[in-house]
Amino acid sequence: KKPLKERLNIVLSRSSEIEPQESVIMLRDRLSVLSLRAYLGCDLFIIGGEQVFRAFQNEIESWIVTEVPLEVEGADTFMPKDFLQGFSPVDSLALEENLRVTFYERTSKPSPAHI
């Protein structure tokens, strides 16, 4: 996998086998990422699977959700059904006939059950 071009890539991983690459900072835990955020002065885009989502779910202020009308055979990990609880849609864009991106923003604090 290659880092995204023309931007700083922060990779959160427990693996020590990842090769050093230009424009990539390797961090091992959630607190390291959040500590670095204060010095960057820009938005962070969290991209990952279920474990990454759960680690950062209370920090997320907006979502960019791509709804893909597709069932993947053998898929075993899904976003929780209530992952958009406390968020409201603010914009939507059709990319193709059956492919849509919806932008959500947090409208309420996470409930204690999600903290």
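The values are calculated or read from the model by the stated rules, or taken from the named source; none is laboratory data. This one's a predicted model, so the numbers in the text were calculated from it and none came from an experiment. Virtual Cβ from ideal backbone geometry, glycine too; neighbours counted across all protein chains shown.
Select from the range 14-25 the residues that are loosely packed, with under 11 Cβ neighbours inside 10 Å and hydroxyl-bearing (Ser, Thr, Tyr) and list them in ascending order. So that I can check it myself, show each step before the final result.
Within the range 14-25, the first condition is being loosely packed, with under 11 Cβ neighbours inside 10 Å, and the residues that meet it are 14-17, 19-20, 22.
Within the range 14-25, SER15, SER16 qualify.
For the range 56-78, give me each residue that is under 10 Å from the mean Cα position of the chain (by Cα) and over 17 Å from ARG106 (Cβ atoms).
none
Residue check, VAL52 against (1) under 20 Å from PRO3 (Cα atoms); (2) surrounded by 10 or more Cβ atoms within 10 Å (Cβ to Cβ); (3) assigned by TED's automatic domain parsing to the domain that holds LYS5, all met but one. Which one?
(3)
How about the range 1-42: which of its residues are among the polar types (S, T, N, Q) and assigned to a loop (DSSP other than H, G, I, E, B)? Explain how you work it out, then say what you get.
Taking the range 1-42 and keeping what is among the polar types (S, T, N, Q), we get 9, 13, 15-16, 21, 23, 32, 35.
Across the range 1-42, the qualifying residues are SER13, SER15, SER16, GLN21, SER23.
I'd like the residue in the range 44-96 that is touching a Phe, Trp or Tyr at 6+ places or on another chain (Cβ under 9 Å), of a type outside the set (Ser, Thr, Tyr) and part of a strand (DSSP E or B) and, out of all such residues, is modelled with the lowest pLDDT.
So the residue we want is VAL65.
Say we look at the range 1-13 and pick out the residues that are surrounded by 13 or more Cβ atoms within 10 Å (Cβ to Cβ) and not polar (S, T, N, Q); which of these is farthest from ASN58 (Cα to Cα)?
PRO3
With respect to VAL101, is the statement that it is surrounded by 10 or more Cβ atoms within 10 Å (Cβ to Cβ), on the phi < 0 side of the Ramachandran plot and without any contact (Cβ under 8 Å) to a residue 24 or more places away in the chain true? Steps first, please.
Details: surrounded by 10 or more Cβ atoms within 10 Å (Cβ to Cβ): yes; on the phi < 0 side of the Ramachandran plot: yes; without any contact (Cβ under 8 Å) to a residue 24 or more places away in the chain: no.
So VAL101 does not fit the description; no.
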